[in-house]
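Heads up: the structure comes next, in structure tokens.
Coordinate-derived values only; no laboratory data. Keep in mind it's a predicted model, so treat the numbers as computed, not measured. As a convention, Cβ positions derive from the backbone with ideal geometry for all residues, glycine included, and neighbour counts pool all protein chains shown.
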Amino acid sequence: MSTVFNHAVRWEWLGVNPIRMVRQSAKRTRMPIVFSIEQIAALLRILKEPTRTMVFLAVFTGLRVGELLGLKWNDIDVEKMEIHVIRSIVMQHVGDCKTEVSRKPVPLDLRLAKVLWNWRMQSPYPAHEDWVFASPHSGGKLPYWPGSLYKAHLEPAAKEIGIVGHFGWHTFRRTYATLLKGNGEDVKVVQELMRHANISVTLNIYAQAITQTKRDAPEPGCELAARQKRSKTKHRRLSDRNGSTKFWRGLASC
């Protein structure tokens, strides 16, 4: 709630945050949901565009929902295989990213690049300066409202495949981090991919236990992490060495 009021102050809707001095307990009241690979695959099979591509991008890059909505087609660099995170959109207002670290480029997997290209070919707004998730309700001048996509597409799809419990767009980001860590990636690499300013955030928020079954199921975040390591010396494209893994077999029919 304090974050909401801070946002209102930032946009000069309020003069001061009325709950700035309220003390809060840091203890979680419930364990956040993390999706399994099977749940992700099931969602992608039944979701319609543009929600399908947005979910694909969210869970395989860890981008925040405001960053997803803030993407334009010219932010997708297929030559360097990177996504440039330049802006964030909250309540249809364009602003800066959460932190300076958040502006770091995000590695782009070859298969994710194909998903984005397929959506661009379908989108009524494919121009270089258009929003990736431009809304026809605004004539393409603004992206979709995340809540509208959630209510119209995500929530019904989740119910259809039997997902229970509270979740939101941030669940995909949490899933990305948790699966990366579960596959044995170095926490510093996870921090860099998540673009956390402080490593304690990575450790405290995303240190959820996952089952051995999930550990044994490779996911593309591992390839993204591997590319992040290689990019320290030279930009190059990701190899497709895990093209026949359990995960991609699960997504083959999506």
Extreme residue, positive dipole direction of segment 116-185, given options His128, Gly165, Gly140 (C-beta unit charges) | Gly165
Step through the table entries Lys151/Lys181; Lys48/Lys159; Lys104/Lys141; Lys114/Lys159, compare each Cα-Cα distance with 21 Å, and write down the pairs that go over it.
-> Lys151/Lys181; Lys104/Lys141; Lys114/Lys159
Contour minus Cα-Cα distance for Glu129 and Val4 (0.36 nm per residue) = 42.1 nm
If you take the beta carbon distance between Val16 and Leu110 as r and set R0 to 45 Å, what does 1/(1 + (r/R0)^6) give as a FRET efficiency, to the nearest 0.05?
-> 0.40
Listing Trp169, Trp73 by rising number of other beta-carbon atoms within 10 angstrom, fewest first, gives Trp73, Trp169
Quick one: Glu160, Glu129, Glu185, fewest Cβ neighbours within 10 Å first, how do they rank?
-> Glu129, Glu160, Glu185
Inter-label distance for Asn198 and Lys80, nm, one decimal - labels placed 7 Å from Cα along Cα-to-Cβ | 2.9
Within 10 Å of each residue's Cβ, count the other Cβ atoms and sort Phe5, Phe133 from fewest upward.
-> Phe5, Phe133
Let me know the whole percent of all Cα-Cα pairs from segment 129-201 that are separated by more than 20 Å.
-> 53
